[in-house]
Amino acid sequence: MAQSLCKIYLHIVFHVKTSSPKIDETHLGRVHSYIGQLINSTGCQTLCVGGVSDHVHVLCLLSRNETVAHLVEEIKRNSSRWIKTVSPDYREFSWQGGYAAFSVSQSVLEKSLDYVRHQKEHHKKVSFRDEYIQFLKLYNIEFNEQYVFQD
């Protein structure tokens, strides 16, 4: 039997729906930890989960048996259900419909990990909107700004 050898690092970003309550800073650690557990349960490997009250960044190693779309669906569906149990304030919580996923080169993995770990400091200077658009442009992803931030 032939072996499938692969090592694909992913940087995934998704946002809280605009009509949804934001995640309170006191709950962020638990939310990020739970998302990390969900990633691992798919056979992928969590490297780092970070973000602020309105969005999440994930760095992970994609399993050779998993698709990006299914991984994100599992993360968002299950974390949304779980977040609603954390506090009555999250009864109406939901993630936006879309997401962005970018490949990460081994050569910039440490820099990417550092970036995700320091989201709170980063967003004192840069808005999520600007950050997201910078990523889309960096990766040459065609987009219509009018639709990028719709729920």
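Listed values, structure above:
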{"quantity": "Residues that are open to solvent by less than 30 Å² (accessible area, probe 1.4 Å) and of a type outside the set (S, T, N, Q), drawn from the stretch 99-116", "calculated": "Ala100, Phe102, Val104, Leu109, Leu113, Val116"}
{"quantity": "Test: residue in the stretch 26-34 that is at pLDDT 95 or above and within 10 Å of the chain's Cα centre (by Cα)", "calculated": "yes"}
{"quantity": "Flag if Gln96 is in contact (Cβ under 8 Å) with a residue 12 or more places away in the chain and within 12 Å of the chain's Cα centre (by Cα)", "calculated": "yes"}
{"quantity": "The stretch 119-147, subset touching a residue at least 40 places away in the same chain (Cβ under 8 Å) and of a type outside the set (Phe, Trp, Tyr), residue most open to solvent (accessible area, probe 1.4 Å)", "calculated": "Lys120"}
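The values are calculated or read from the model by the stated rules, or taken from the named source; none is laboratory data. Keep in mind that this is a model prediction, so the values were computed, not measured. Glycine also receives a Cβ, built like all others from the backbone with ideal geometry; neighbour counts cover every protein chain displayed. Accessible surface is based on the protein model in full, side chains and every heavy atom, while ligands, DNA and RNA are left aside. Shrake-Rupley method; radii C 1.70, N 1.55, O 1.52, S 1.80 Å.
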